[in-house]
Amino acid sequence: MKTYNKLFLVLLFTLSFLSCSVEGVDNYNDIVGVWENIEIGEEFNTIHELTFASNKTVKSVFRTDGLSEGVGSSVAIYSWSIEGDAITIEDDEHKWVYVINSEKQFVINDGQQDLIYNKISDVVENY
């Protein structure tokens, strides 16, 4: 009986370890790609693209299209990490934490509202 108990514990431990590691890999692979937030306003529109690469870098492209002010854009490179349902983007001066919601979207609150990012591509080479 003791042998069966030990065997059961080893089997239970192995299964729990494997299920956790597979889940983490799937989350990581789901993040790599291009994510986009589009905000349409009365004065201007904004598009924010986040391109997550497999080397743990993310390219942030922020574009504005103002009705009276023209077009503007900025590009920056950051590092990213994932822990559970939270994705952290940071550099030496900035840090943002996004949450993955039940619809598989990134969500961050800018202090006024939740900003929703949808995945638009799994391919990062074109962005």
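Between Ser121 and Lys95, the C-beta separation translates, for a Förster distance of 30 Å, into a calculated FRET efficiency of about 0.75.
Loop-located GluC sites (Glu not before Pro) in the stretch 77-127 (DSSP state not H, G, I, E or B) with no more than 13 neighbouring Cβ atoms inside 10 Å: Glu93, Glu103, Glu125. Count Lys and Arg as plus one, Asp and Glu as minus one, and take only other residues whose Cβ is under 10 Å from that of Ile120; the net charge is then -2. Working from label points 7 Å from Cα in the Cα-to-Cβ sense, the Asn109 to Ser60 distance is 1.9 nm.
Each value in this text was obtained by applying a stated rule to the coordinates, not by laboratory testing. Given the structure is predicted, the values throughout are model-derived calculations rather than measurements. Glycine gets a Cβ as well: all are built from the backbone with ideal geometry, and neighbour counts include every protein chain shown.
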